[in-house]
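K.L.:
Once you've had a glance at the structure underneath, I'll fire off some questions.
The values are calculated or read from the model by the stated rules, or taken from the named source; none is laboratory data. All of these numbers come straight from a predicted model, not from anything done at the bench. Methodologically, a virtual Cβ is constructed for each residue, glycine included, from the backbone with ideal geometry; neighbour enumeration extends over all protein chains shown.
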Amino acid sequence: MSDEILRQKAIEAIQDIYQEARDKKIKQLAEDYITEQYAPVGQRVYCWEVWDDPDDDLSSYTESGMSAPDEADYYSWSKVTHCEIIKSHISESNDETGEYCVDVHCLIATSEGTQADEDEDEIYDIEPNDHIIYVHIEQDDEGDYCVVGTEE
């Protein structure tokens, strides 16, 4: 084998190693985002209706937040009780722009209730459901990867 062929094979091997390490880092970032930000166990989300016009019984919209509303006649809540990553893979990759999409398959279970259930055990446990969450990742100017969005 000539020196040029050996050099080319060495370059290809190094590129493969780099790509494997980069892909592993990107997938780990997506998985960590799901378990720490998107659906961390113990996270509770509240939903309630807001009535815009007190004279109009038909005009309302739904709001949600991480804490119970101060001024709502009725609200419901959902709490993450289980989040398990099954697998993930990079479905879209653009090395030139530094944009990636990771498909994360996971099982997420919740319990649900209303303000009447706040002091009781969470009766409405929901079995884990299979979710596919698409995590969008971009590489910034310093070469760091960051999550820029999710879709389910």
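K.L.:
For Ile108, are the conditions met, namely being in a strand (DSSP E or B), in contact with a Leu (Cβ under 7 Å, 6 or more places away or on another chain) and modelled with pLDDT of 95 or more? Lay out the reasoning, then the answer.
P.N.:
Working: in a strand (DSSP E or B): yes; in contact with a Leu (Cβ under 7 Å, 6 or more places away or on another chain): no; modelled with pLDDT of 95 or more: yes.
So Ile108 fails the test.
K.L.:
Yes or no: Lys79 surrounded by 10 or more Cβ atoms within 10 Å (Cβ to Cβ), in contact (Cβ under 8 Å) with a residue 40 or more places away in the chain, among the basic types (Lys, Arg) and farther than 28 Å from Gly143 by Cα? Break it down stepwise before answering.
P.N.:
Numbers: surrounded by 10 or more Cβ atoms within 10 Å (Cβ to Cβ): yes; in contact (Cβ under 8 Å) with a residue 40 or more places away in the chain: yes; among the basic types (Lys, Arg): yes; farther than 28 Å from Gly143 by Cα: yes.
Yes, satisfied.
K.L.:
Let me ask something additional. Need the failing condition index for Gln139 against (1) surrounded by 11 or more Cβ atoms within 10 Å (Cβ to Cβ); (2) over 20 Å from Ile26 (Cβ atoms); (3) at pLDDT 85 or above, just the number.
P.N.:
Gln139 satisfies all of (1) surrounded by 11 or more Cβ atoms within 10 Å (Cβ to Cβ); (2) over 20 Å from Ile26 (Cβ atoms); (3) at pLDDT 85 or above except (2).
K.L.:
Just one of the numbered conditions (1) in contact with a helix residue (DSSP H, G or I) (Cβ under 8 Å, 6 or more places away or on another chain); (2) not in a strand (DSSP E or B) is not true of Ile90; which one?
P.N.:
It fails just one condition, (2).
K.L.:
Looking at segment 111-129, which of the residues that are loosely packed, with under 12 Cβ neighbours inside 10 Å and among the aliphatic types (A, V, I, L, M) is modelled with the lowest pLDDT?
P.N.:
My answer is Ile123.
K.L.:
Let me ask something additional. Check off (1) within 34 Å of the chain's Cα centre (by Cα); (2) surrounded by fewer than 14 Cβ atoms within 10 Å (Cβ to Cβ); (3) among the charged types (D, E, K, R) for Glu4 and give me the number that stays unchecked.
P.N.:
(1)
K.L.:
Residue check: is Tyr33 crowded, with 16+ Cβ neighbours inside 10 Å, closer than 19 Å to Ile132 by Cβ and of a type in the set (Ser, Thr, Tyr)? Full working, then the answer.
P.N.:
Details: crowded, with 16+ Cβ neighbours inside 10 Å: yes; closer than 19 Å to Ile132 by Cβ: yes; of a type in the set (Ser, Thr, Tyr): yes.
Yes.
K.L.:
From the list Glu96, Glu49, which one is closer than 28 Å to Ile133 by Cβ, among the acidic types (Asp, Glu) and surrounded by 10 or more Cβ atoms within 10 Å (Cβ to Cβ)?
P.N.:
On the way: Glu96 fails: surrounded by 10 or more Cβ atoms within 10 Å (Cβ to Cβ).
Sole residue among the options that is closer than 28 Å to Ile133 by Cβ, among the acidic types (Asp, Glu) and surrounded by 10 or more Cβ atoms within 10 Å (Cβ to Cβ): Glu49.
K.L.:
Moving on. Only one of Asp32, Asp52, Asp23, Asp16 is more than 26 Å from Cys101 (Cβ to Cβ) and either out of contact with any His (no Cβ under 7 Å at 6 or more places or on another chain) or free of Cβ contacts under 8 Å to residues at least 60 places away in the same chain (or both). Can you tell me which? Break it down stepwise before answering.
P.N.:
Details: Asp32 fails: more than 26 Å from Cys101 (Cβ to Cβ); Asp23 fails: more than 26 Å from Cys101 (Cβ to Cβ); Asp16 fails: more than 26 Å from Cys101 (Cβ to Cβ).
Sole residue among the options that is more than 26 Å from Cys101 (Cβ to Cβ) and either out of contact with any His (no Cβ under 7 Å at 6 or more places or on another chain) or free of Cβ contacts under 8 Å to residues at least 60 places away in the same chain (or both): Asp52.
K.L.:
Might you check whether a residue that is over 26 Å from Val104 (Cβ atoms) and in contact with a strand residue (DSSP E or B) (Cβ under 8 Å, 6 or more places away or on another chain) occurs anywhere in segment 24-38? Give the steps one after another, and end with the answer.
P.N.:
Within segment 24-38, the subset over 26 Å from Val104 (Cβ atoms) is none.
No, that holds for no residue.
K.L.:
For segment 55-68, does any single residue satisfy the condition of being under 27 Å from His105 (Cα atoms), hydroxyl-bearing (Ser, Thr, Tyr) and crowded, with 16+ Cβ neighbours inside 10 Å?
P.N.:
Our first condition is that a residue be under 27 Å from His105 (Cα atoms); within segment 55-68, this holds for 64-66.
Narrowing the set further to residues that are hydroxyl-bearing (Ser, Thr, Tyr) leaves 64.
Cutting the leftovers down to crowded, with 16+ Cβ neighbours inside 10 Å gives us none.
For segment 55-68, residues under 27 Å from His105 (Cα atoms), hydroxyl-bearing (Ser, Thr, Tyr) and crowded, with 16+ Cβ neighbours inside 10 Å: absent.
Yes/no per residue for (1) farther than 30 Å from Tyr18 by Cβ; (2) modelled with pLDDT of 90 or more:
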{"site": "Ala39", "(1), (2)": "yes, yes"}
{"site": "Ser60", "(1), (2)": "yes, no"}
{"site": "Asp70", "(1), (2)": "yes, no"}
{"site": "Ile86", "(1), (2)": "no, yes"}
{"site": "Asp95", "(1), (2)": "no, yes"}
{"site": "Val104", "(1), (2)": "no, yes"}
{"site": "His131", "(1), (2)": "yes, yes"}
